[in-house]
Amino acid sequence: MSDRLKNKNVIITGASGGIGAQMAILCAERGANLVLLARSLDKLQELQADLLRRFSVDVFIHKLDVSDTDEISAVFSEVLARFGHIDVLVNNAGFGVFREAHEANVEEIKGMFDVNVVGLMACTGMVLPVMRKQRSGHIINIASQAGKIATPKSSVYSATKHAVLGYTNSLRMELGDSNVFVTAVNPGPIETNFFNIADEKGTYVKNVSKFMLKPEYVALKVVNAMLRPVREINLPRWMNAGSIVYTLFPGLFEKIGKRAFNQK
Ligand code: NJP
């Protein structure tokens with residue numbers, strides 16, 4: 001196992017479950033100190049206790065709702081005062097609601113943008129001055145294949161993830177000479193609690209169950225890329241091939257893929 005992460009300081013938002021918690025475990029296994037943020041303090045406490053029992057690392061937890069930019073500012077200020085040096089920020093907190101555009105209400109739309117987009121940008125904004133000054137660091141944004149191909153019933157969610165990719169691509173170029181790496185992670189469906197909210201009726205989960213990714217696998221791919229200049233992680237690979245074809249022949253792809261896109 002590489003010791004690239006040993007004694008490094010890694011912040012993960014949305015660390016109370018799903019791929020966030022899995023990334024935390026893998027980072028601790030590799031000797032990284034952790035800052036774990038989410039709304040569910042009880043789950044963070046459980047994870048912290050487990051990590052402290054198994055690994056000799058520092059694990060700092062804090063309640064954070066990333067839709068609240070004042071809270072982001074306060075929590076990150078506390079984290080920066082405590083850790084000083086920040087090596088990796090994983091912007092992982094996010095959620096989706098699968099609904100057709102005509103059914104989406106404004107509160108829900110704002111909610112998704114506040115967490116998936118504005119919150120992600122605000123967290124990034126808190127570490128950028130530090131990383132630029134350090135002339136080192138890595139910002140990893142968990143986007144989605146939905147940020148590359150929008151499908152029916154995910155207009156708002158897809159729009160948030162398209163925004164994340166736009167932001168990430170610009171940021172990578174802005175930081176080109178600063179030795180700060182920027183990576184976008186674009187997974188397909190992953191077996192997590194994400195679908196408890198996204199897919200209330202379970203239709204999508206039933207339709208795509210055969211190619212659902214395991215959270216442990218996605219987390220491993222992300223942690224393996226930490227502190228390396230990886231542009232994007234696209235999983236599974238065949239879905240990424242689809243998005244490349246889509247970019248080249250969008251009209252044709254939408255026509256041919258009509259059935260495949262209507263899984264929600
Ligand atoms: O989902 P889940 P994943 N403030 O629900 C937290 C993307 N993705 O691990 O606050 C702060 O198990 C929540 O914690 P809590 C997806 O868009 C997924 O699959 O305590 N944290 C929990 O720890 C997201 O960006 C799939 O409720 C907030 C975590 O986020 C990322 O992967 C496919 C929060 C969500 O854990 C992780 O999702 C894809 C808030 N306001 C992209 N709201 C997929 N699962 O299929 C939520 O392409 N969290």
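Whether a residue is open to solvent by 50 Å² or more (accessible area, probe 1.4 Å), part of a helix (DSSP H, G or I) and more than 9 Å from the ligand (Cβ to nearest atom) was assessed, and Ile244 passes this test. Does Val66 satisfy the condition of being away from the ligand (no atom under 15 Å from the Cβ) and open to solvent by less than 60 Å² (accessible area, probe 1.4 Å)? Taking the combined requirement at face value, the residue does not satisfy it. Which one is nearest to the chain's Cα centre (by Cα) among residues in the range 79-123 that are charged (D, E, K, R) and more than 16 Å from the ligand (Cβ to nearest atom)? Here the answer is Asp87. Checked against (1) within 30 Å of Tyr204 (Cβ to Cβ); (2) crowded, with 16+ Cβ neighbours inside 10 Å, Glu108 meets all criteria but (2). Remark: Glu71 matches the filter, which requires a residue to be farther than 19 Å from Ala150 by Cα, open to solvent by 20 Å² or more (accessible area, probe 1.4 Å), near the ligand (Cβ under 10 Å from one of its atoms) and outside any loop (DSSP other than H, G, I, E, B). Scanning the range 166-205 for residues that are free of Cβ contacts under 8 Å to residues at least 24 places away in the same chain and either assigned to a helix (DSSP H, G or I) or within 19 Å of the chain's Cα centre (by Cα) (or both) gives Gly166, Asn169, Ser170, Met173, Glu174, Phe195, Asn196, Val205. When restricted to residues that are of a type outside the set (Phe, Trp, Tyr) and either within 11 Å of the ligand (Cβ to nearest atom) or touching a His at 6+ places or on another chain (Cβ under 7 Å) (or both), the range 151-179 contains 5. Filtering the range 196-232 to residues that are β-branched (Val, Ile, Thr), more than 11 Å from the ligand (Cβ to nearest atom) and surrounded by 15 or more Cβ atoms within 10 Å (Cβ to Cβ) leaves Val223, Val230. Tell me, which residue of the range 29-63 that is in a helix (DSSP H, G or I) and more than 13 Å from the ligand (Cβ to nearest atom) is least open to solvent (accessible area, probe 1.4 Å)? Among residues in the range 29-63 that are in a helix (DSSP H, G or I) and more than 13 Å from the ligand (Cβ to nearest atom), the one least open to solvent (accessible area, probe 1.4 Å) is Leu51. Has the range 238-257 got any residue that is of a type outside the set (Phe, Trp, Tyr) and closer than 17 Å to Ile19 by Cα? Checked the range 238-257: no residue is of a type outside the set (Phe, Trp, Tyr) and closer than 17 Å to Ile19 by Cα.
The values are calculated or read from the model by the stated rules, or taken from the named source; none is laboratory data. Source: prediction; values computed, not measured. No Cβ is skipped: glycine too gets one built from the backbone with ideal geometry, and neighbour counts run over all protein chains shown. These area figures cover heavy atoms from the full protein model, side chains too; ligands, DNA and RNA do not enter into them. Shrake-Rupley method; radii C 1.70, N 1.55, O 1.52, S 1.80 Å.
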